[in-house]
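Take a look at the structure below.
Rule-based calculations on the coordinates, nothing more; no lab input. Predicted model, so just to flag it, every value in this text is computed and none were measured. Don't worry about glycine lacking a Cβ; one is built from the backbone with ideal geometry, like all the others, and counts go over all protein chains shown.
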Amino acid sequence: MIPDLIDQFRIKGKVAVVTGASRGIGEGIAIGLADAGAHVIITARDHERLKVVEKTIVERNGNCSIVVGDITEEETIQRLIDHAIEGFGQLDIWVSNAGTSDHPGSFAFEEFPPWHWDQQIALNLRPHFVAARACAEVMKPGSSIIGISSIAGIRPAVRFAAYGAAKAGMNNLTETLSIELAPKGIRANVVSPGQVPTEATTRVGGVPPEEFKNLGQRIPLGRVGTPTDIAAAVLYLVSDAGSWVTGQNIVVDGGVT
């Protein structure tokens, strides 16, 4: 019997964690997974912004709960997993979205400060490793671990060497996880966004909001991406529609790479 393909994209009854969910791509992913039926546990450091996301999800008839914390702290990751297991008895989806940089600017390689390298690895790579290891202990067959990477991880990241290296590390780690966790039935994939204008685009990349519309002129499909574009790729990977997909990097960049 051929299953209804649309039903394959529904994730009703699943429990998902989305890190860095207070704004931008993380917010879009959280809303998308809730729309598809999951109970979404959202986390970030900004409680007020998380409450805004929660309100949006509830208004769309979705289910959501908040865990405030810093994802670079292992205790936060464990609290998220405990919240899922103790509150709902399961954890089906983990999305490592928290990342980018707290530093407003970039560095030429010859001037690249070691402290920034360490900070970027600690924020953009290590939490995914810690989370994946913890998830592997509690996830059941059919579960998914998703990393939100970047096209910076698959091509030169000029003036953002540490960020690019961290995302490349996430990509490689995901390939390793896909093999080592396959016997448990746990799938591991990454999504690599291209230019998706967010607050970080201004804070880190130095692009003012009024320039966002011009970014699309350099993209083959003629527009920048949206958080919903990324959420759609994540939904495919974590749903039954993507049940035979693991170890892959889904690039969502409008044709740039």
> Between segment 1-76 and segment 218-253, how many Å separate their Cα centres?
Replying inline: 16
> So, counting K/R as plus one and D/E as minus one, what does the shell of residues with Cβ under 13 Å around residue 12 add up to?
Replying inline: -2
> For segment 11-24, what does the Karplus curve 6.51 cos²θ - 1.76 cosθ + 1.60, with θ = phi - 60°, yield as ³J(HN,Hα) per residue in whole Hz, taken in order and with x for Gly and Pro?
Replying inline: 10, 4, x, 8, 10, 10, 10, 10, 8, x, 9, 7, 6, x
> Under Stokes-Einstein, with the Kirkwood radius over Cα pairs standing in for Rh, what whole-number D in µm²/s applies to segment 67-137 at 20 °C and 1.002 mPa s?
Replying inline: 157
> In degrees, nearest 10, range 0 to 90: what is the angle between the Cα axis of helix 126-138 and the longest Cα principal axis of the chain?
Replying inline: 10
> Given H placed 1.01 Å from N in the peptide plane, which residues other than close sequence neighbours of residue 41 have an amide H under 5 Å from its amide H?
Replying inline: 16, 17, 18, 65
> What per residue convex hull volume, in Å³, do the alpha-carbon atoms of segment 107-190 yield?
Replying inline: 75
> Arranged by the count of other C-beta atoms within 10 angstrom, fewest first, what order do 163, 236 take?
Replying inline: 236, 163
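Helix-only estimate, please: 222 nm mean residue ellipticity of the chain, summing -39500 (n - 2.57) across DSSP H runs of length 4 or more and dividing by its residues, to the nearest 500.
Values: 10 runs with 109 residues, N = 257.
That comes out to -13000 deg cm²/dmol.
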>> Explain nothing, just compute: Karplus ³J(HN,Hα) = 6.51 cos²θ - 1.76 cosθ + 1.60, θ = phi - 60°, for every residue of segment 58-67 in order, whole Hz, x for Gly and Pro.
In response: 5, 5, 9, 6, x, 10, 8, 9, 10, 10
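Please arrange 94, 115 by how many other C-beta atoms lie within 10 Å of their C-beta, fewest to most. Walk me through the intermediate numbers first.
On the way: 94 29, 115 9.
Going from least to most buried by this count: 115, 94.
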> For segment 203-257, which trypsin sites (Lys or Arg not before Pro) are in a loop by DSSP, counting at most 16 other Cβ atoms within 10 Å?
Replying inline: 223
> What residue among 169, 20, 99 has the largest mean-square fluctuation in a Gaussian network model of the chain, using Cα springs under 10 Å?
Replying inline: 169
> What per residue convex hull volume, in Å³, comes out for segment 1-116 when only alpha-carbon positions are used?
Replying inline: 144
>> Using a 10 Å cut-off around each Cβ, can you sort 192, 149, 65 from fewest to most neighbouring Cβ atoms?
In response: 65, 192, 149
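Does segment 114-257 come out rounded, prolate or oblate by the C-alpha gyration tensor, with a ≥ b ≥ c the root eigenvalues, rounded set by a/c under 1.5 and, if not, prolate when a/b is larger than b/c and oblate if not?
oblate
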